[in-house]
Amino acid sequence: MYKGNIILLGAPGSGKGTLAEAITENYNYLHISTGDILRQEKNSDTELGKFLRTTLGSGNLVPDKIVNEIVETKLKTVDKPFLLDGFPRTIKQAEFLETLTEIGLVIFLSVSDNTIVKRILERGKTSNRPDDSSGEIILNRLRQYYSETMPLVDFYSKQNKLMKLNGEMTKEEVFKEFQIILNMF
Ligand code: AP5
Ligand code: MG
């Protein structure tokens, strides 16, 4: 069974957080979500907090330098294999990550745009996330995803690390498929 560090790659709403939760319930992995860290940081009384209050929620990506620093700091405290959820999201971030640590497996959750919009609008009814609240912001998140993050599929395919998983299946089926990949990798 594969026991190294894992990246969960996928569009907004593709199920990265949901799969990460199932994995950490069943395996000894640490879940690192840059989205969660940024949302937490947004409430802090710092320069970064102030910056995030005006930028996070628009659907635009946070600048690489800020996210890279957050991940670098976080990885210094980690003492077991981890799951990166929402990082890297640009080629620059992926290159930076290579200077920090080893990644052996990248799970690419593939989901249609239609499903993404439906899922996020549904979650937006209760999530309190400003970036879940309007179709326009969700489309902006998707645009960012296709232009900045999608190239990572090719980046990790070339390294023979990418495994594609059909994210349209039920949550249980997605987790089962993940387990099969973990065992054969
Ligand atoms: P982030 O928090 O990472 O958001 P995201 O990537 O847009 O993705 P979500 O968290 O919305 O979706 P998910 O894939 O985790 O799906 P989930 O499991 O929740 O980032 C937010 C923002 O922070 C970014 O826009 C950017 O501004 C900034 N940011 C973060 N990282 C950054 C980085 N590296 N660089 C620059 N900026 C960064 O599922 C979604 C919904 O679907 C849920 O309701 C869930 O219950 C449901 N669901 C999940 N799986 C299934 C299934 N199989 N069947 C049915 N329903 C399902
Ligand atoms: Mg998430």
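Explain nothing, just the number: relative contact order of the chain, from Cα pairs under 8 Å at least 6 residues apart, as a whole percent.
Details: 253 pairs, mean separation 64.1, N = 185.
Here the relative contact order equals 35 percent.
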Fill in: Burial order of peptide ranges 120-131, 11-22 (average beta-carbon count within 10 Å, highest first)
11-22, 120-131
Discussion item. I need the peptides 33-39, 44-50 ranked by packing, meaning the mean over residues of other C-beta atoms within 10 angstrom, with the highest value on top.
Written reply: 33-39, 44-50
Worksheet entry | Residue-wise HN-Hα coupling along the range 31-44, computed from phi with Karplus coefficients 6.51, -1.76, 1.60 (Hz; x: Gly, Pro) | 8, 10, 10, 5, x, 4, 5, 5, 5, 5, 4, 4, 7, 8
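Pairs of alpha-carbon atoms within less than 8 angstrom and 6+ residues apart define the contacts here; what relative contact order does the range 33-112 have, in percent?
Values: 40 pairs, mean separation 23.8, N = 80.
Here the relative contact order equals 30 percent.
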Worksheet item: List the lysines whose alpha-carbon lies under 19 Å from that of LYS158, not counting same-chain residues fewer than 8 positions away?
Response: LYS92
Worksheet item: Per-residue HN-Hα couplings for the range 78-86, Karplus 6.51 cos²θ - 1.76 cosθ + 1.60 at θ = phi - 60°, whole Hz, x for Gly and Pro?
Response: 8, 10, 8, x, 10, 10, 9, 10, x
Worksheet entry | Reach of LYS80 by Cα under 16 Å, taken over lysines that are not fewer than 8 positions away in the same chain | LYS3
Response to the item:
Out of MET150, ASN183, ILE7 - ranked by how far each Cα lies towards the positive end of the dipole of the chain, with unit charges on the beta-carbon of charged residues - the top one is MET150
Worksheet item: Can you work out ³J(HN,Hα) from phi for every residue in the range 60-74, in order, using Karplus 6.51 cos²θ - 1.76 cosθ + 1.60 and θ = phi - 60°, giving whole Hz and x for Gly and Pro?
Response: 6, 6, 6, x, 3, 4, 5, 5, 4, 4, 4, 5, 4, 4, 4
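Every number here is computed from the coordinates shown, using simple stated rules; none is lab data. If you're wondering where the values come from, they're calculated on a predicted model, not measured in any experiment. Because the Cβ atoms are built from the backbone with ideal geometry, glycine has one as well, and the counts that use them run over all protein chains shown.
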